[in-house]
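Participant: First, the structure itself, so that you have it in front of you.
The values are calculated or read from the model by the stated rules, or taken from the named source; none is laboratory data. Since this is a predicted model, take the numbers as computed values, not measurements. Cβ atoms come from the backbone with ideal geometry, glycine included; neighbour counts cover every protein chain shown.
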Ligand SMILES: [Ca+2]
């Protein structure tokens, strides 16, 4: 076992990076690979090998949803194995919801700095100027792959393969609708059809990526981002005749869990089996000792069967909404059975991985995270961050409604709905040392602590939000490759007394209920090159409502389309609406009701723009 102190470790990194470059120059990587192929012995891994990194994250798994957390019913032997063979970060914090945590992981910055502010409505897009950990690790010679959920941008330029990942197989949105034979998946920018169950598919892709990278003699950064156990909680019944999902579900129903909880536990159980397969694969390749494996989740849990006394769930700023499981295994560096109570955060991964890979984080912007490497030692410190901060509001950053701050001992927080005007009376102060369940509000007894924490929070909030515009990015309309761009309903802003947006799993969302002349939806576009663009509309309209006129307008240019019938308003069909000229640069495309209709114009599912080649 090799244990380095922090100061020595930094020097070691310089040395190992230099060695790696020298290996490249001398063409000796094949020899290194051959040594690794020879098995998991002292020759297969040396301290000078750059560590591989496998970052495994689940979606909506709570701190309490593992066996090692004390949960008496869930079965997670692989997750527990990572914990017992390495370091448990007992007070590791994610953001309250999905996309914000992912932006923090990728950038090392609080998500509000990145322009991302939502999980839908186009607000789940990480700013184009951000530098990701994948880009940095590529600079250090790593091959990079992401398998599973991205949720940081769906349009070209914002997809994983545009943000530093050599290989991407997964989905852009916050969730997908089908887990068996899953739809809504893409491979390096192209939609793909798939067979099988989603957790297996992502794991298989990660395994294959590791194999190819290992054979090429490169270190790998493999981000395996399971979409389970996020809703809609679809079990694995894809193996007809051997319904593994049913067996697992039955196991948890037999333990007395209600059906909702049994489904969530089954999804986690299935993920755990796949993590076990991946760990075994690392063993088989002989690279486990020099592979840093992280297991964590992206926000608080949604399960409620057993919470170990913790308060709150996903999306709240109670501990149950923001504390996540976090285990780190790296046999060359970390002794088994280590535990740290230090305040740690999802924003710490970028500086951590930069340090282990020997590459500098960006120096031209604030990096909020701090490297965790100093905790990867015997008897790890319980000191890291002075404060952890929590904030989440779906529509725009807000320092008053749903927020929290903790110095480890004391925590000040507030959770109120949009219908409530938040005041100081809604604040709650908890002594986490003596009241970890966050039951006893000490706000009135500890005014100085309240003032100190609120002051620190507001200072932080101002810092991370200043000079940043929070609205959907302009959708890039590129002529590169002559590809189509689909304008999704959730990215529109809409005006009118009746018009509304209906969220229905992203690909089935609609703009609907519009019927008065002038009611409209507008998309903000960035047009790369002026020209004519073919317009295709996907919508549903029942026969008795057909015949209305939809007007499309971009600057001075207009197009009208008479709405046609589909069999029902819920069945979408694609209609050619003609073409419209779009000037280069920043443009707005507005769809509106040209003439009032009795009920609704249509249920508009998408508008697709395709550049028309000019001779
Ligand atoms: Ca999540």
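Participant: Out of the range 358-372, which residues are in contact (Cβ under 8 Å) with a residue 40 or more places away in the chain and under 23 Å from the mean Cα position of the chain (by Cα)?
Facilitator: Result: 361, 362, 365, 366, 367, 368, 369, 372.
Participant: Right, next: Given 136, 146, which one is over 18 Å from residue 236 (Cβ atoms), assigned to a strand (DSSP E or B) and at pLDDT 95 or above?
Facilitator: Step by step, each of 136, 146 is checked, and only 146 is over 18 Å from residue 236 (Cβ atoms), assigned to a strand (DSSP E or B) and at pLDDT 95 or above.
Participant: Kindly list the number of the only condition in (1) within 16 Å of the ligand (Cβ to nearest atom); (2) farther than 30 Å from residue 435 by Cα; (3) in contact with a strand residue (DSSP E or B) (Cβ under 9 Å, 6 or more places away or on another chain) that fails for residue 300.
Facilitator: The one condition residue 300 does not meet is (2).
Participant: Looking only at the range 357-385, count every residue that is part of a loop (DSSP other than H, G, I, E, B) and over 25 Å from residue 117 (Cβ atoms) and tell me the total.
Facilitator: Count: 15.
Participant: So, one more: How do the pairs read when you match residues in the range 153-174 that are farther than 12 Å from residue 186 by Cβ and not assigned by TED's automatic domain parsing to the domain that holds residue 507 with residues anywhere that are assigned to a helix (DSSP H, G or I) and within 16 Å of the ligand (Cβ to nearest atom), using Cβ under 7 Å and keeping only pairs 6 or more apart or on different chains?
Facilitator: Short answer, once both residue conditions are applied: 174/98; 174/99.
Participant: So residue 360 clears everything in (1) closer than 24 Å to residue 78 by Cα; (2) surrounded by fewer than 23 Cβ atoms within 10 Å (Cβ to Cβ); (3) out of contact with any strand residue (DSSP E or B) (no Cβ under 7 Å at 6 or more places or on another chain) except one condition, right? Which one?
Facilitator: (1)
Participant: Another question, then. Only one residue in 313, 332 is surrounded by fewer than 21 Cβ atoms within 10 Å (Cβ to Cβ) and within 16 Å of the ligand (Cβ to nearest atom). Which one?
Facilitator: Of 313, 332, the one residue that is surrounded by fewer than 21 Cβ atoms within 10 Å (Cβ to Cβ) and within 16 Å of the ligand (Cβ to nearest atom) is 313.
Participant: Going by the structure shown, is residue 205 more than 26 Å from residue 173 (Cα to Cα), at pLDDT 95 or above, touching a strand residue (DSSP E or B) at 6+ places or on another chain (Cβ under 9 Å) and not assigned by TED's automatic domain parsing to the domain that holds residue 480?
Facilitator: It is false that residue 205 is more than 26 Å from residue 173 (Cα to Cα), at pLDDT 95 or above, touching a strand residue (DSSP E or B) at 6+ places or on another chain (Cβ under 9 Å) and not assigned by TED's automatic domain parsing to the domain that holds residue 480.
Participant: Test residue 287 against the criterion of being within 16 Å of the ligand (Cβ to nearest atom) and outside the structural domain of residue 437 (by TED's automatic domain parsing), and give yes or no.
Facilitator: No.
Yes/no per residue for (1) touching a strand residue (DSSP E or B) at 6+ places or on another chain (Cβ under 9 Å); (2) touching a residue at least 24 places away in the same chain (Cβ under 8 Å); (3) farther than 27 Å from residue 124 by Cα:
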residue	(1), (2), (3)
381	yes, yes, yes
398	yes, no, no
401	yes, no, no
405	yes, yes, no
414	yes, yes, no
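Participant: If you don't mind, another one. So, of the residues in the range 45-58 that are farther than 15 Å from residue 274 by Cα and at pLDDT 95 or above, which turns out to be nearest to the ligand (Cβ to nearest atom)?
Facilitator: By that ranking, first place goes to 53.
Participant: Does the range 113-125 contain any residue that is under 19 Å from residue 348 (Cβ atoms), within 13 Å of the ligand (Cβ to nearest atom) and not in a loop (DSSP other than H, G, I, E, B)?
Facilitator: Scanning the range 113-125, I find no residue that is under 19 Å from residue 348 (Cβ atoms), within 13 Å of the ligand (Cβ to nearest atom) and not in a loop (DSSP other than H, G, I, E, B), so the answer is no.
Participant: State whether one or more residues within the range 80-93 are away from the ligand (no atom under 16 Å from the Cβ) and closer than 17 Å to residue 225 by Cβ.
Facilitator: Looking through the range 80-93, at least one residue is away from the ligand (no atom under 16 Å from the Cβ) and closer than 17 Å to residue 225 by Cβ.
Participant: Hey, can you tell me all the residues within the range 595-615 that are over 14 Å from residue 475 (Cα atoms) and either free of Cβ contacts under 8 Å to residues at least 24 places away in the same chain or surrounded by 20 or more Cβ atoms within 10 Å (Cβ to Cβ) (or both)?
Facilitator: 597, 600, 601, 602, 603, 604, 605, 611, 615
Participant: Here is a further query. Considering the range 322-341 alone, what residues qualify as being under 24 Å from the mean Cα position of the chain (by Cα) and closer than 14 Å to residue 432 by Cβ?
Facilitator: 322, 323
Participant: I'd like to know if the range 438-458 contains one or more residues that are over 29 Å from the mean Cα position of the chain (by Cα), surrounded by fewer than 18 Cβ atoms within 10 Å (Cβ to Cβ) and in contact (Cβ under 8 Å) with a residue 40 or more places away in the chain.
Facilitator: yes
Participant: When the range 521-537 is examined, which residues are found to be surrounded by fewer than 19 Cβ atoms within 10 Å (Cβ to Cβ) and in a strand (DSSP E or B)?
Facilitator: Those that are surrounded by fewer than 19 Cβ atoms within 10 Å (Cβ to Cβ) and in a strand (DSSP E or B): 522, 524, 526, 531, 532, 534, 536.
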